[in-house]
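Quick note: the coordinates plus some simple rules give every number you see, no bench work behind them. What you are looking at is a predicted structure, and each value in this text was computed from that prediction instead of being measured. Reconstructed Cβ throughout: ideal geometry from the backbone, glycine too, with neighbour counts over all protein chains shown.
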Amino acid sequence: MTAAKYLSIFSPASEQQRQENFESYWLFTQQHGGELFEDDKDLAKKRARLKHFQDNPVKLRQPLAAPEAFYRNYIELKDDPKSLDNMTLMLTGMYKFARHEWVGIKGAWDSVPDMANSFTVEDKISRVHLAEEFCHVRLFDEMLRTCGLDKVQWVPLGPVREKIYEQFPKLPGFLTDSPAFVTELMGVTYYCHLHRLLDEILATEPEVRERLKELLDEITIDEIAHVGQRRNFIGPIGMQISKALVKPFYTLFFNDIPEIKHLFDVGQMIEDGTAFDFNKLPDYMVERSWIPSYCKAENAPGIP
Ligand SMILES: [Fe+2]
Ligand SMILES: [Fe+2]
């Protein structure tokens, strides 16, 4: 048996290690996303990648049997989920997950400093992070278009919830860091499970299956880096709180998207989140992503 290369995301880190890791992440993120186009909430390399997908579209061999079922249920589930096929449930559930992400970042974008007013490495990282999240919504939109769904609208959540999402980033870090980290972890967990579901649901649609995986990979690779980056904001007590938050957070969030329990094993997702240590991720993702130094076994104290 070969020794595991990486350690739990909940591994301890000293203040100094965290500072060094912010510097290391900042170098990574600049080359990973390329130039930041602040007015467009976009990044040069991500934009080019999306354009490549848009310029080389693929289509379903067998178009969706009932796109109206998607449009009827994507903002709010109206039909009995048992009456819907798994493809429709996967796509409406995916939209709902991405919509939460979109609402969260929309609120945060206006309340955190822009790049010109970002004077610490943490602020700069957070600005680019948000731009990356906007790119994810565009990639999700492209995933839906690839399935022939080109009339999708990104609809706000309603005034009360929008306000909550807007106020969240203004709270002090000791209150927001753990939830923000667990949210990123939940993203990676969901995307890994979604990746496997694509194989099942699109078994007879190889072109679209591979394209959706490529689009999803673009997102997942960023999210793996976000997990480490958000973990890096948190001290020892916050990490204990974060670990305790995994189960209630995943449960609450996934209960809010009724499609999820029909397609995914939420209990397994909670276990995967709690046990997350990068080792199960494929190499091609890890190579393009970022992992904190203190989650690498080679840097662990006591290893000869
Ligand atoms: Fe994201
Ligand atoms: Fe993220």
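Across every pair of non-identical alpha carbons in segment 185-302, the mean reciprocal distance, once inverted, gives a Kirkwood radius of 15.6 Å. Against the compact-protein benchmark of 2.2 N^0.38 Å, the Cα-based radius of gyration of the chain scales to 0.99. Taking the longest Cα principal axis of the chain as reference, the axis of helix 44-55 is set at about 20 degrees.
Among 3-9, 104-110, the peptide with the highest mean count of other Cβ atoms within 10 Å heads the list, and the full ranking is 104-110, 3-9. When the alpha carbon gyration tensor of segment 53-185 is reduced to an equivalent ellipsoid, the three semi-axes, largest first, read 33, 18, 12 Å. To the nearest ten degrees, helix 236-255 and the longest principal axis of the Cα atoms of the chain are 10 degrees apart. Within the straight-line cut-off of under 16 Å between alpha carbons, the aspartates and glutamates reachable from Lys59 are Asp141, Glu142, Asp150, Glu205, Glu207, Glu210, Glu214, sequence neighbours fewer than 8 places apart in one chain being disregarded. May I ask which of Lys51/Lys96; Lys163/Lys280; Lys45/Lys296; Lys213/Lys296; Lys51/Lys280 have a Cα-Cα span longer than 32 Å here? Over 32 Å Cα-Cα: Lys163/Lys280.
Mean-square fluctuations from a GNM of the chain, with a 10 angstrom spring cutoff on Cα atoms, peak among Leu89, Leu139, Leu263 at Leu263. Candidate cross-link partners of Lys82 among the aspartates and glutamates, defined by an alpha-carbon separation under 12 Å and a same-chain spacing of 8 or more, comprise Glu259. Could you tell me how many degrees, from 0 to 90 and to the nearest 10, lie between the Cα long axis of helix 173-201 and the main elongation axis, the longest principal axis, of the Cα atoms of the chain? Its long axis makes an angle of about 40 degrees.
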